[in-house]
Amino acid sequence: MSLSFSSSVSGIHAALQVLNVSAHNVANMNTDGFKKQHANLSEGNHGRVTVNITEGADPGPLYQHANGAIVEASNVDMNEEILRQISAKHLFSANAVTLKTSAETQKGLIDLLA
């Protein structure tokens, strides 16, 4: 498997993980005490993209519950999540184009050799 092919596949996988983390955050944004997660991308072995998921330590806003108790709300910011989803979309698209180009290049090389 070529380096560009494996890098593109790992990039697509990373984009899907970023989307999954963001979807998890959005699904729990109204859950009291929920801490958002972050998908941190880095370069791994052989040009692959690795994803490390961490939990944010930022406190959520405090509010007074109907029963009078002070409760910490979720620390998820919808605007941040929208930006993460847009970034993941572009990461996915760029890696899909690279994967397609890699496949076309390999096909052209095989045609030349045949």
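The values are calculated or read from the model by the stated rules, or taken from the named source; none is laboratory data. Nothing here was measured: the structure is a model prediction, and the numbers come from that model. Please note: Cβ atoms are built from the backbone with ideal geometry, for glycine as well, and neighbour counts cover all protein chains shown. Side chains included, ligands, DNA and RNA excluded: accessible areas come from the protein's heavy atoms. Shrake-Rupley method; radii C 1.70, N 1.55, O 1.52, S 1.80 Å.
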Quiz item: So what are the ³J(HN,Hα) numbers for segment 18-30, from phi and the Karplus equation (6.51, -1.76, 1.60; θ = phi - 60°), rounded to whole Hz, Gly and Pro as x?
Solution: 4, 5, 5, 5, 5, 4, 4, 5, 5, 5, 10, 5, 9
Self-check item: For peptides 64-75, 14-25, 47-58, 83-94, sequence by mean Cβ density within 10 Å, most packed first
Solution: 14-25, 83-94, 47-58, 64-75
Practice problem: Starting from the Cα gyration tensor of the chain, take the square roots of the eigenvalues, sort them a ≥ b ≥ c, and report rounded, prolate or oblate (rounded when a/c is under 1.5, otherwise prolate if a/b is larger than b/c, else oblate). | Solution: prolate
Quiz item: Got a sec to turn the phi values of segment 10-15 into Karplus ³J(HN,Hα) couplings, 6.51 cos²θ - 1.76 cosθ + 1.60 with θ = phi - 60°, whole Hz, x for Gly and Pro?
Solution: 5, x, 5, 4, 5, 4
Quiz item: Top to bottom by accessible area (1.4 Å), largest first, where do Thr105, Thr98 land?
Solution: Thr105, Thr98
Quiz item: Can you list the residues, at least 5 places off or on another chain, whose amide H is less than 5 Å from the amide H of Ile53, using H built in the peptide plane?
Solution: Asn40
Quiz item: Which ³J(HN,Hα) values in Hz, rounded to whole numbers, follow from the phi angles of segment 106-111 under the Karplus curve 6.51 cos²θ - 1.76 cosθ + 1.60, where θ = phi - 60° and Gly and Pro get x?
Solution: 5, 5, x, 5, 5, 4
Quiz item: With charges set only on the Cβ (+1 for Lys and Arg, -1 for Asp and Glu), what does the dipole of segment 36-114 come to about its Cα centre, in debye to the nearest 20?
Solution: 320 debye
